[in-house]
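Read the figures in this text as sums done on the coordinates, not as results from a lab. These numbers were taken from a predicted model, which means no experiment stands behind them. Heads up, the Cβs are rebuilt from the backbone with ideal geometry, glycines too, and the neighbour counts pull from every protein chain shown.
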C-alpha cells in the first residue's frame, strides 16, 4: 500500500478548510490514507517573512472575494468568522492528542473544529470552545481538557510545528506525498495527476 | 461575442511564462480573445508589501522546485535564467507599442521575450536584448528602439501598471474575465469552469 498523504493545515486558514473537504476523496482514489497534521502559520511566517493574507493590501481583498467563491463552487458552508485570523494552538494540540488514541476520532474532531470556525463562527482558538467542540462530537472532553495542560502535549505540538517548518511547510494547506510538496488547495488536481502517474 | 480575457503578467514571472503557454487554448474554447497586458511586480509589491518569491525563505525553495516540475508537466522548455528576477520595463513598453500597431505582433513578441528569458537565458530586461528579440522575430526593431525612448510610451506603460494595481493585480499571472479576478496559473481550470457556467 502506498504511503499516506501528509496534510498540513492551520485551523485559521480558510484554504485549509476547503482542502479538508477535498483531500479524502482524492486520497481514496489512490488508496492512500491521510495524516492530518495541524500546524501554526505564525511560527512559519516568522521564518518565511510572510504575514497573514488578510493584512496584505490587494492580496487580502482578493482572498476575501475568493474564499466565499471557492466555497460556493464546492458547496461548502462558509461565513467569515470574527475574529479572523486567530491563534489555533489549542485545537492543534487536541488533534495530536486524539490522533494517538484514535486517528479517526482526530479527523472527525478536526473537521468539526473547522466547521465550528468557518461555518458557525465559533472562536475555536479559545480552549473552552475547542473543548466544547470535542464534547459536541461525543469525545471525552474532560480527559482532553486535562491533556491540554500537559507539558508533554505542548512540547509534542511545538515539535510537530517545528518539524513541519523544517520540511518546508510555509502555508496552509500544504501536502507531502512521497516527499513531494504541493502547496495550496489549487494544487490538488496536479497532486492527483502526480499520484496517478507516479510523477513526471 | 464575449469580452476578451485580460492576461496580466510580468516578464520576470516564471508562472506568467507557464500561463503564456496555456491561456490561448483555454480562451479559444470560450471564443474569447486575450488581451496581453504586461505589468511590473515591483510597483505592485510596493503597495502589497510582498516581495520576490525567490527572496522568501521556504517559499523560495518551493518555487525553485515547483517551476521546473510544472514546466515538465506541460512540456514547456525551461532553464533558470541568470540574473533572476530582473526589471522588465523595456519589453513591457515594447508590447504596449506593438499592441497599438498590431496585437498579433505584440503577442508573438511577448511569447518570444518569455522564451528568450526562461528557455534561452537571455537578459530581456536589457533594452538592447529586448530589441534583439524583436529583430529575431522580423519586427521593426529600429522603429521600436526609437519608440522605447518616447516619453509618451513611458507614460502609457506607467499608467497601464498603475491601472492594473488599481484593479487589484498584485501577482503574475493574473486574469480578469468579465471583471472576475483569478490569480495564479493554478486557477486556470476554475476560470475555465467559471466561463463555461457563467459563474456560480
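Can you list, shortest first in nanometers, how far residue A:102 lies from the same residue in the other copies, with each label 7 Å from Cα toward Cβ?
The projected label point of residue A:102 is separated from its counterparts by 7.2 nm.
What are the semi-axes of the equivalent ellipsoid of the stretch B:111-200, taken as the square roots of 5 times the eigenvalues of the Cα gyration tensor, listed largest first and rounded to whole Å? Could you put the intermediate results ahead of the total?
Details: eigenvalues 196, 65, 26 Å².
So the three semi-axes of the stretch B:111-200 are 31, 18, 11 Å.
Take the Cα atoms of the stretch A:5-197, find their three principal axes, and give me the spread along each one in whole Å, biggest first.
Result, largest extent first: 42, 37, 34 Å.
Calculated FRET efficiency, residue B:79 and residue A:146, Cβ-Cβ r, R0 41 Å, to nearest 0.05? Each step should come with its number before you reach the end.
Numbers: r = 57 Å, r/R0 = 1.39.
Here the calculated transfer efficiency is 0.10.
Just need the relative contact order of the stretch A:5-197 here, percent rounded to a whole number, with Cα pairs under 8 Å and 6+ apart.
Values: 241 pairs, mean separation 59.3, N = 193.
Reported relative contact order: 31 percent.
Please compute, for peptide A:46-59, the average count of beta-carbon atoms on other protein chains lying within 10 Å of each residue's beta-carbon.
On the way: counts 1, 4, 7, 6, 6, 2, 0, 0, 0, 1, 5, 9, 15, 9.
Across A:46-59, the average partner-chain Cβ count within 10 Å equals 5.
Modelled label-to-label distance, residue A:61 and residue B:30, 7 Å Cα→beta-carbon offset: nm?
So the label points at residue A:61 and residue B:30 sit 2.1 nm apart.
Scan chain A for the residue whose Cβ is closest to the axis carrying it onto chain B, then write down that distance in whole angstrom.
Rotation axis A onto B, closest Cβ, rounded to whole Å: A:186, 2.
Quick one: if the Förster radius is 45 Å, what FRET efficiency do residue B:155 and residue A:101 give, using the C-beta to C-beta distance and rounding to 0.05? Working shown, then result.
On the way: r = 66 Å, r/R0 = 1.47.
It comes to 0.10.
Averaged across the residues of A:183-190, what count of C-beta atoms belonging to other chains lies within 10 Å of each residue's C-beta? Could you put the intermediate results ahead of the total?
Details: counts 6, 3, 1, 8, 4, 1, 3, 6.
Per residue, the number of nearby Cβ atoms from other chains is 4 on average.
Length gain on complete extension for the stretch residue B:3 to residue B:180, per 0.36 nm per residue less the alpha carbon to alpha carbon distance? Write out the running numbers ahead of the final one.
Details: separation 177, 0.36 × 177 = 63.72 nm, distance 1.18 nm.
Additional length available on full extension: 62.5 nm.
Would you compute, from DSSP H runs of 4+ residues alone, the mean residue ellipticity of the protein assembly as shown at 222 nm, taking -39500 (n - 2.57) per run and dividing by the full residue count, rounded to the nearest 500? Walk me through the intermediate numbers first.
Working: 18 runs with 224 residues, N = 400.
Calculated mean residue ellipticity at 222 nm is -17500 deg cm²/dmol.
Hey, got the average number of other protein chain Cβ atoms within 10 angstrom for residues in B:159-168?
Values: counts 0, 0, 0, 0, 0, 0, 2, 1, 1, 6.
Mean partner shielding for this stretch: 1.
Between copies, how far apart are the residue B:65 label points? List them in nm, one decimal, shortest first, with each point 7 Å from Cα toward Cβ, please?
3.2
Identify which of A:139, A:167, A:131 has the largest mean-square fluctuation in a Gaussian network model of chain A, with springs joining Cα atoms closer than 10 Å.
The residue that fluctuates most here is A:167.
For the protein assembly as shown, what percent of Cα pairs sit more than 42 Å apart? Kindly include the intermediate steps, with their values, before the conclusion.
Details: 15056 of 79800 pairs.
Result: 19 percent of Cα pairs exceed 42 Å.
Need one number: convex hull volume per residue for the stretch A:1-111, Cα atoms only, in Å³. Kindly include the intermediate steps, with their values, before the conclusion.
Numbers: hull volume 13.9 nm³, N = 111.
Convex hull volume per residue, Cα atoms: 125 Å³.
How far is residue B:199 from the same spot in each other copy, in nm, shortest first, if each label point sits 7 Å from Cα toward Cβ?
In ascending order, 4.5 nm.
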